[in-house]
Amino acid sequence: MSEVQIASMACARKKKAFRILNAIDKMQLAIFVLLLLIYIVTEGFLNDLRAKSFSNFNGNKSFGVSSAIDPAQPLYLQGDELIYDSRREKVTARGNVEITFNNYILTADQIVYDQSANTLSASGNVVLRDPKGDITRTERITLTDDFRDGFIQSLSIIGRDQSRITARRAVRRDGRVTEFELGKFTPCVHDPGKPPLWCITADRIIHDADAATITYLDTTFDIMGVPVVYLPFFQHPDPSVKRRSGFLLPRFSSSEDLGFTLETPYYFAFSRSYDLTFNPLYTARQGMLWRGVWRHKLAFGNIRGQYYIKFAGIDQSYEDLPNNDSNLDGWRGSFETRSEFSLSSWWNFGWDVTIESDDTFRRFYKMDNILQTDRVNSIHFTGLSDRNFFQVKGYHFGGLLLSDSDASESRVHPTVDWNYIVGAPVFGGELSWTVNALSMSRNLAFNDINGQYFNTDTSSQRLIGSMRWRRRFIDPFGITYTPSVNLRGGILNYKNAVDPTSNTLIDQETVTRGVMSASLLASYPWLAHSQSTSHVIEPIGQIIGRTSDVRQIDLPNEDARSIVFNDTNLFELNKTSGFDRVETGTRVNLGLQYTFQSNSGGYARLLAGQSFHLSGKNIYEYNTGNEPSVNVESASKILTENNGLEDRTSDYVLGAYLAPSQTFSLIGQGRFDDKELSLRRADVTARFLYGPTAITSTYTYTASDPLDLSVEDQQELLGTAILQLADHWRFLGSLRYDIDESSFRSHDIALQYSDDCFILTTKYTETNTNNKDIISDRTIMLYFALKHLGEFKYRTDALDHLLVENQDQ
C-alpha cells in the first residue's frame with residue numbers, strides 16, 4: 001500500500017491550510033488542493049503503494065525485514081587454501097571461498113576473518129545471499145562476524161522479484177539500516193548495455209528493514225537514463241510491504257456534467273483483517289461527492305469470509321443536473337455491501353445489497369452500469385455437494401426504467417430450492433426430487449380492464465415438489481432407451497393478485513394442482529470411422545404424456561414469463577423457465593444429430609429438430625380471440641407470443657457447434673418458421689484465439705411479431721478484441737452496435753504498453769444512452785503504473801465505470 005508520510009511541521013501547515021479553505025469558493029478550492037498536492041509531492045512525502053496488491057506485477061517480497069540472527073549458530077568457512085595467522089588472529093581463505101552462517105551465504109575469491117576485530121573482509125567476485133533470497137554483488141565488502149553490520153564498495157543488490165539497487169558504496173548499521181551512496185533503484189529487469197526504462201537516482205538511499213521503508217535524498221526520477229523530475233526527498237515502502245496507511249496518488253479529470261474533478265484517496269490500514277479507503281471526489285459543477293470503502297475479513301473457527309461496504313453521498317443542487325429535476329434536490333446517496341462466507345466445504349452464506357436515494361444516482365455517478373434496468377438485492381444460504389443442491393434466498397426487486405414506478409417493487413421472503421439425487425440405484429435407475437417454496441409480496445400499480453387505477457399490496461405463496469425416476473437401456477441393435485416417470489404437485493395461495501386473463505384482482509384464493517407425466521427418449525447412433533476422423537449420425541425421438549390440463553392460465557406468473565426455444569431445451573420435459581407454468585398434454589420431440597471429430601482435434605456437432613403438440617392444453621398457445629371456439633384462457637397471453645411453440649407444429653431449431661482447430665470456434669443457434677422457413681431468432685458467437693490475440697464476436701437477432709406490432713426486428717452486434725501489435729504493445733477494443741438503429745450503443749478502443757515494471761494505457765470510450773439525468777458520454781483516459789510505486793490516472797470524465805479496465809487481461 002502506498003502512503004504519504006507527513007512530518008509534524010507539514011501537518012501544522014495542513015491545519016492552517018484547511019482554515020484558509022473555508023473562505024474560498026469551489027473553483028479556488030480545486031486549485032488550492034491541486035497546489036497542495038503538488039507541494040506534498042515535491043517536498044517528498046509521497047509514499048504510494050496501492051491498498052490492493054498490484055496484480056500486474058510479480059508480488060514476491062524483497063528488501064524485507066531482516067531475519068533474526070542467532071549468534072550461537074556456528075560459522076562455516078571453506079576454501080581452496082586456508083592460512084591461519086595466530087599472532088595477528090586472522091584467518092585468510094583463498095580460492096572458491098564460501099562462508100555459511102544463519103542462512104547467509106557469502107562467496108568470494110578471498111575472505112579475511114579478523115578474530116580480534118570480529119570482522120569479515122571479502123574481495124573479488126563477492127556474492128552475498130541473505131535468508132530472504134536477495135543477492136548482493138560487489139568487489140569488496142566488510143562485515144561484522146554476525147553479519148549485522150558492514151561496509152560495501154561498488155555493489156549491486158538484486159531482490160527475488162528482480163528489483164535492483166546499485167551504489168558506489170554502502171554501510172549497514174545495527175543489522176537493519178543500510179545506507180547507499182550515489183545509488184539507483186529500479187524494479188526493471190536488467191538489460192546489459194541499456195538504461196532501465198525507469199529508475200530512481202539519489203545521492204543517498206536509506207533502507208530501514210524494520211520500518212520497511214526506502215528513503216531517497218536529492219532524488220531524480222529517470223526515464224531511459226534521462227532525468228525528468230527532481231525531488232529533494234522521497235520515500236516509499238519497500239517491496240515487502242503490501243499495505244500501509246497514507247494518501248494514494250490523486251486523480252484528476254474533467255467532464256461536461258461534473259466539470260473539473262479531483263479525487264484524493266486516503267487509505268487507513270487499521271489491521272491485517274480490515275481497512276478503510278476514504279476517497280471523496282470534488283466536482284466543480286456538482287459539489288463534493290463523499291465516498292469510501294470499508295473492507296473486512298473474518299475468521300471464526302471453520303468460518304472464513306469477507307465483506308465490504310461502499311458509501312457515497314452528495315448534497316445535490318437539482319439546477320446543476322442535465323434535466324433540472326427538482327425531485328433530486330438535496331441529499332442523494334447510496335450504500336452498497338457484498339459478502340461471501342464459507343461455513344464448511346459444502347455450505348456458504350452471503351449477501352448483495354444496495355440501498356439508494358433514487359433510481360439514477362448510482363448510474364449518473366457511474367457506480368453502476370448505465371444500462372442496468374433493475375435493482376436486485378439478495379441474501380442467501382447455500383449448500384452444494386457433488387450432486388445435490390440446497391438454497392434459501394431472499395430477494396428485493398426494484399425497477400430502474402422510466403416506466404417503472406418508485407412504488408412498484410417486490411420482495412421474495414424467501415425462496416427455497418432443494419435438488420436431491422439418491423445415491424444408490426432405485427429399480428436400476430436414478431431417483432431424484434426437486435422442492436421449491438416461495439413467499440412473495442409486492443406493491444402493484446396498474447389499470448384494470450375497465451381503466452380503473454389500482455395501487456395495492458399483493459402477496460403469493462407456493463410449495464411445489466416433483467419426483468423423477470429414469471433409467472437407461474441399450475438393446476442388442478444399439479438403440480438407447482431412456483424411460484422416465486415424473487410426479488409433480490403444488491399448493492398456491494394468492495391475495496390481491498392480478499388475473500392475467502382479465503387484468504382484475506384475485507381477492508383471496510388457494511389452489512392445488514398436480515401433473516403426472518411419463519416419457520420415453522430413444523436414440524439410434526450410427527458410427528463411421530476412418531484413419532483420421534469419426535462420424536456419428538444419431539436420430540433422436542421423444543414422446544411425453546402428461547395430464548391434459550391443470551389450472552394455471554388465470555393465475556399470476558412470476559418466474560415463467562419468458563422462453564427461448566432452441567436446440568438446448570428441445571428434449572426437456574418442461575421448457576418453461578420457472579415453476580408458475582407447467583407443460584400439459586402429449587408432446588413429441590424429434591431431432592437429428594451429427595457429430596464429427598478428427599484425430600487432430602477438430603470437432604463439430606449439429607442438431608436439428610422440431611416439436612409437435614398432439615393433445616391436451618398447449619400452454620404456449622397464443623390467439624387473438626377472434627375464433628369462435630377460443631375461450632378466455634386460450635385468448636390470453638400465456639407466455640411470450642411468437643415463441644416458436646404456439647402452434648401444434650413448432651418452429652424448426654438448429655444448433656451448430658464448430659471447433660475446427662484450437663484457434664477458432666463458432667456456436668450458432670437458430671429458430672426458423674415452420675411454414676416459411678424464415679429466420680425468427682439467431683444467436684451466433686465466434687471466437688478466435690492465437691497466442692496473445694483474442695477476438696470474440698456475438699450476433700443476436702429476434703424477428704418482429706406479426707401479432708404484436710410494437711415488437712419490431714431487433715439486431716445487435718457485440719465484439720471484443722485484444723491484438724498483440726509488437727513486444728509489450730497491444731490493442732484492446734469492444735463495441736455494442738444496434739444494427740436496426742445503425743448506431744453504436746457503446747464502444748471503446750485502447751492502446752497499451754506493458755512490461756515487467758511499467759504499464760501505460762490510453763483509452764477512448766463512448767456511450768449513447770439517455771435515461772432521465774443520464775446522457776451520452778465520451779471519455780479519454782490516460783493510465784500508467786510503476787511497479788512498487790503505484791498508479792496514476794487522468795481522464796476527461798471522472799465516471800470510472802465507463803472504462804472497463806483491461807490491464808489484468
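The values are calculated or read from the model by the stated rules, or taken from the named source; none is laboratory data. Keep in mind that this is a model prediction, so the values were computed, not measured. No Cβ is skipped: glycine too gets one built from the backbone with ideal geometry, and neighbour counts run over all protein chains shown.
Which ones in segment 752-804 are assigned to a loop (DSSP other than H, G, I, E, B) and either basic (Lys, Arg) or modelled with pLDDT under 65 (or both)? Those that are assigned to a loop (DSSP other than H, G, I, E, B) and either basic (Lys, Arg) or modelled with pLDDT under 65 (or both): LYS772, ASP773, LYS787, THR796, ASP797, ALA798, LEU799, LEU803, VAL804.
Could we say that ASN348 is over 26 Å from SER253 (Cα atoms) and either among the charged types (D, E, K, R) or surrounded by 14 or more Cβ atoms within 10 Å (Cβ to Cβ) (or both) here?
Numbers: over 26 Å from SER253 (Cα atoms): yes; either among the charged types (D, E, K, R) or surrounded by 14 or more Cβ atoms within 10 Å (Cβ to Cβ) (or both): yes.
It is true that ASN348 is over 26 Å from SER253 (Cα atoms) and either among the charged types (D, E, K, R) or surrounded by 14 or more Cβ atoms within 10 Å (Cβ to Cβ) (or both).
With the requirement that a residue be of a type outside the set (A, V, I, L, M) and either surrounded by fewer than 18 Cβ atoms within 10 Å (Cβ to Cβ) or on the phi > 0 side of the Ramachandran plot (or both), what does segment 222-241 give you? Passing the criteria: GLY225, PRO227, TYR230, PRO232, PHE233, SER240. In segment 591-619, which residues are closer than 18 Å to ASN574 by Cβ, at pLDDT 95 or above and aliphatic (A, V, I, L, M)? Result: LEU614, single match. One residue is enough: does segment 323-336 have a residue meeting the conditions exposed (fewer than 15 other Cβ atoms within 10 Å of the Cβ), hydroxyl-bearing (Ser, Thr, Tyr) and outside any strand (DSSP E or B)? Among the residues of segment 323-336, at least one is exposed (fewer than 15 other Cβ atoms within 10 Å of the Cβ), hydroxyl-bearing (Ser, Thr, Tyr) and outside any strand (DSSP E or B), which makes the answer yes.
Taking the options SER273, SER334, SER254, SER326, name whichever one is out of contact with any Leu (no Cβ under 9 Å at 6 or more places or on another chain), over 28 Å from LYS763 (Cβ atoms) and small (Gly, Ala, Ser). Give the derivation first.
Details: SER273 fails: out of contact with any Leu (no Cβ under 9 Å at 6 or more places or on another chain); SER334 fails: over 28 Å from LYS763 (Cβ atoms); SER254 fails: over 28 Å from LYS763 (Cβ atoms).
From the options SER273, SER334, SER254, SER326, the qualifying one is SER326.
Whenever a residue of segment 646-666 is in a loop (DSSP other than H, G, I, E, B), its partners that are surrounded by 14 or more Cβ atoms within 10 Å (Cβ to Cβ) and charged (D, E, K, R), lying with C-beta atoms within less than 7 angstrom and at least six residues away or across chains, give the pairs GLU646/GLU621; SER650/ASP674; ASP651/ARG671; ASP651/ASP673; ASP651/ASP674; ASP651/ARG680. Among the residues of segment 581-625, the ones that are in a strand (DSSP E or B), surrounded by fewer than 20 Cβ atoms within 10 Å (Cβ to Cβ) and in contact (Cβ under 8 Å) with a residue 40 or more places away in the chain come to 17 in all.
Check whether at least one residue in segment 374-387 is among the charged types (D, E, K, R) and farther than 23 Å from VAL435 by Cα, and report yes or no. Yes, there is a match, as at least one residue in segment 374-387 is among the charged types (D, E, K, R) and farther than 23 Å from VAL435 by Cα. Tell me whether segment 669-676 contains one or more residues that are touching a residue at least 12 places away in the same chain (Cβ under 8 Å), surrounded by 14 or more Cβ atoms within 10 Å (Cβ to Cβ) and either of a type in the set (A, V, I, L, M) or touching a Pro at 6+ places or on another chain (Cβ under 8 Å) (or both). Looking through segment 669-676, none of the residues is touching a residue at least 12 places away in the same chain (Cβ under 8 Å), surrounded by 14 or more Cβ atoms within 10 Å (Cβ to Cβ) and either of a type in the set (A, V, I, L, M) or touching a Pro at 6+ places or on another chain (Cβ under 8 Å) (or both).
Restricted to segment 736-753, and to residues there that are surrounded by 15 or more Cβ atoms within 10 Å (Cβ to Cβ) and among the polar types (S, T, N, Q), the residue that is farthest from THR765 (Cα to Cα) is GLN752. What are the residues in segment 477-520 that are over 42 Å from the mean Cα position of the chain (by Cα), of a type in the set (S, T, N, Q) and farther than 26 Å from ARG587 by Cα, if any? Matches in segment 477-520: SER502, THR504, GLN508, THR510. Are there any pairs, at least 6 apart or on different chains, whose C-beta atoms fall under 7 Å, with the first in segment 480-495 and of a type in the set (A, V, I, L, M) and the second not in a strand (DSSP E or B), and if so, which? Pairs found: LEU492/LEU555. For segment 242-288, which positions are within 30 Å of ILE157 (Cβ to Cβ) and either part of a strand (DSSP E or B) or in contact with a Ser or Thr (Cβ under 8 Å, 6 or more places away or on another chain) (or both)? Those that are within 30 Å of ILE157 (Cβ to Cβ) and either part of a strand (DSSP E or B) or in contact with a Ser or Thr (Cβ under 8 Å, 6 or more places away or on another chain) (or both): LYS242, ARG244, GLY246, PHE247, LEU248, LEU249, TYR267, ALA269. Among the criteria (1) in a loop (DSSP other than H, G, I, E, B); (2) over 13 Å from LEU789 (Cβ atoms); (3) out of contact with any Pro (no Cβ under 7 Å at 6 or more places or on another chain), the one ILE205 does not fulfil is (1).
Against the conditions (1) under 25 Å from ASP210 (Cα atoms); (2) at pLDDT below 80, SER86 satisfies every one except (1).
Scanning segment 101-117 for residues that are under 14 Å from THR144 (Cβ atoms), over 48 Å from the mean Cα position of the chain (by Cα) and either in a loop (DSSP other than H, G, I, E, B) or charged (D, E, K, R) (or both) turns up ASP114, GLN115, SER116, ALA117.
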